[in-house]
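The structure under discussion appears below in the form of C-alpha cells.
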Ligand SMILES: C[S@@+](CC[C@H](N)C(=O)[O-])C[C@H]1O[C@@H](n2cnc3c(N)ncnc32)[C@H](O)[C@@H]1O
C-alpha cells in the first residue's frame, strides 16, 4: 500500500528511541559534540544554525545556550527537535543535584529560553522555583515552556528538493508498469523538481557558525529509499535476478538524488553564512560492511566533499588535530566520519 511522504517522514513519540539511540552511541556523539564545541570556542559565534539538528545528540547545545545569542535548530521531522530540547536542558552535577542550562543563565536570558523560568530556588546554577522533575528517570523539567530562543524550524535543508521529490513520488509511480520505468521516471521527476527552491526561514548572511553533522550522509538514503519502497508497493520487490539487472539504474538514481541534495544544502549553507562565518560538516566517508568484513568508500560522500570544496575553503586550523576522521558506530554498522570546517572564499572565484 502506498504511503504519503509526510506520514513516512513523521516519527511518533520517540522518547524511548531517543534514549536508546543516545545511550547506544553515547561515545561517538560525545566526541562529535567536543569537536563542534572546540570550533565554537575558537570562533565565538553570536548566531548558530544547526541543520538536521534532530535530537541534538551531537550538538554542544549547552555551550551554544551559554555563549551565543541566537540559535536556529532545523529538522524536517516534526517534533524531533522539541523532544531533543526537553532531554537536553537538565543534567545532574557530581553531587546528584539537578542543574538546568536555562536556569543557570538566570534573569531575562533564562526567560528567553524558558517562559516558565521563575527565579533562583537555590544557589545560582541550579534550578528555578518552578522546576518539577519529570517522572520515570528522565533528566528533564515538567514545567519547561520553550521561549523565543532557540528558533525551531521544521524545514528541509536541501532547499525543498527532497520534500518536493518525496511528495510527488506517488503520482509519478501510479502509472508505472516495470521497475526500469519507475527508475527512469525517478530521474525525470528529479529534473522537474530541480526548478523549485524553498529556502529555509533563516536570513541571508546572518549565521556565524552552521553545523551539518551526519546529515549529508542521509542524502544517500532519502528520498531514494522512500521512492523505491513506493515502487515496490506497486510492482512487488524485485527478484534477485531483476535486482542485478537494475543495479546500475538504481545506483544512478540514488546518486542523482544525493548529488542534487548536496549541492542545494551547500548553497543554503553559503547563503546563510556571514562573510567570515564557518560551517562544521561531518559525514560518513567510509563504511564497514559486516557481511563481507571490509571497509568501503561511500562514493557519493567523496563527491559531496568535492562539491563543498568547489565553492568553499577548508579551515583545518579550527579542528583539533586528529579530529578530521572519527570512528562512529551507527545503527547501520561501523563507519569513519570525516569532519571538516568550511568557510566562504574571500574575493572573486576562479
Ligand atoms: C543522523 S541525524 C544527525 C544527528 C542529529 N544531530 C541528532 O543528534 O540526532 C540526521 C538528522 O538530519 C535530519 N535530516 C535529514 N535530511 C534532512 C533534510 N533534507 N532536511 C532536514 N532535516 C534532515 C534527520 O531528520 C535527522 O534528524
Note on the chain, DSSP bridge orientation, antiparallel percent to nearest 5 equals 60 percent
What percent does the relative contact order of the chain come to when contacts are Cα pairs within less than 8 Å and at least six residues apart? 17 percent
Chain lengthening between residue 247 and residue 94 when straightened (0.36 nm per residue, less Cα-Cα): 49.7 nm
So, relative contact order of the stretch 146-286 in percent, Cα under 8 Å, 6 or more apart, is 41 percent
How much length, in nm to one decimal, is gained on full extension between residue 324 and residue 154, taken as 0.36 nm per residue of separation minus their Cα-Cα distance? 58.2 nm
Mind giving me the FRET efficiency for residue 192 and residue 6? R0 is 25 Å, r the Cβ-Cβ distance, nearest 0.05 is fine. 0.80
At a Förster radius of 22 Å, what calculated FRET efficiency corresponds to the Cβ-Cβ distance of residue 311 and residue 205, to the nearest 0.05? 0.90
Quick one: among 257, 319, 246, which has the greatest mean-square fluctuation in a GNM of the chain with alpha-carbon springs under 10 angstrom? 246
Once fully extended, how much extra length lies between residue 67 and residue 334, figured as 0.36 nm per residue of separation less the alpha-carbon to alpha-carbon distance? 92.8 nm
Taking the chain and counting helices only, DSSP H stretches of n ≥ 4 at -39,500 (n - 2.57) each over all residues, the nearest-500 ellipticity at 222 nm comes to -13000 deg cm²/dmol
With each label point set 7 Å from Cα along the Cα-Cβ vector, what nm distance links residue 174 and residue 138? 4.0 nm
Packing-based exposure ordering (other Cβ within 10 Å, fewest first) of 227, 288: 288, 227
Which of 97, 326, 259 fluctuates most in a GNM of the chain (C-alpha springs under 10 Å)? That residue is 97
Top of 53, 162, 26 by mean-square fluctuation, Gaussian network on the chain, Cα under 10 Å: 26
Over all Cα pairs of the chain, the Kirkwood radius sets Rh, and Rg/Rh then becomes 0.99
I need to check one value: relative contact order of the stretch 90-143, counting alpha carbon pairs closer than 8 Å and at least 6 residues apart, in percent. 30 percent
Cα centroid of the stretch 34-102 to Cα centroid of the stretch 185-221, whole Å: 22 Å
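Each reported figure results from applying straightforward, stated rules to the coordinates on display, with no laboratory input. Predicted model, so just to flag it, every value in this text is computed and none were measured. So basically every Cβ, Gly included, is an ideal-geometry build from the backbone, and we count neighbours across all protein chains shown.
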